[in-house]
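Heads up: the structure comes next, in structure tokens.
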Amino acid sequence: MSVRETIKKQIMGALEGAEFPITSPEGLLAAFPQGAATTCRADGIEMTAGEAGKLLTPGDFPFKSPEDVAETILNRAGLK
């Protein structure tokens, strides 16, 4: 499994059970189990939800699903 696929699964898993749509950065951070400190790791790469949130813009909201969140973050982070 690639780094992208691993982190995508971790983001989606962390947001499982969250209520969508998520309409704000604050709402997104609150949806992660450990808030901004929630961390995804793969093959030497580590990213917290707080760091990932800095990659987003107001135009990214609302998010409709965990996959929507994961794809947007991974694309902005340049993980292919």
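The values are calculated or read from the model by the stated rules, or taken from the named source; none is laboratory data. If you're wondering where the values come from, they're calculated on a predicted model, not measured in any experiment. Here Cβ is always computed from backbone atoms with ideal geometry, including for glycine, and neighbour counts include all displayed protein chains.
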- Task: Within region 33-40, identify whether any single residue is at pLDDT 95 or above and closer than 16 Å to Arg76 by Cβ, and answer yes or no.
- Result: yes
- Looking only at residues in region 1-44 that are closer than 22 Å to Pro62 by Cβ and charged (D, E, K, R), which one is nearest to the chain's Cα centre (by Cα)? Lys8
- Of the residues that make up region 63-78, is at least one in a loop (DSSP other than H, G, I, E, B) and of a type in the set (Phe, Trp, Tyr)? no
- Task: Being assigned to a helix (DSSP H, G or I) and aliphatic (A, V, I, L, M) is the filter; apply it to region 26-52 and report the residue that is surrounded by the fewest Cβ atoms within 10 Å (Cβ to Cβ).
- Result: Ala37
- Task: Starting from region 1-15, keep only residues that are farther than 14 Å from Ile45 by Cα and in contact (Cβ under 8 Å) with a residue 40 or more places away in the chain, then list their pairs with residues that are surrounded by fewer than 18 Cβ atoms within 10 Å (Cβ to Cβ) and of a type in the set (Gly, Ala, Ser) whose Cβ atoms are within a distance under 9 Å, requiring at least 6 positions of separation or different chains.
- Result: Met12/Ser65; Leu15/Ser65
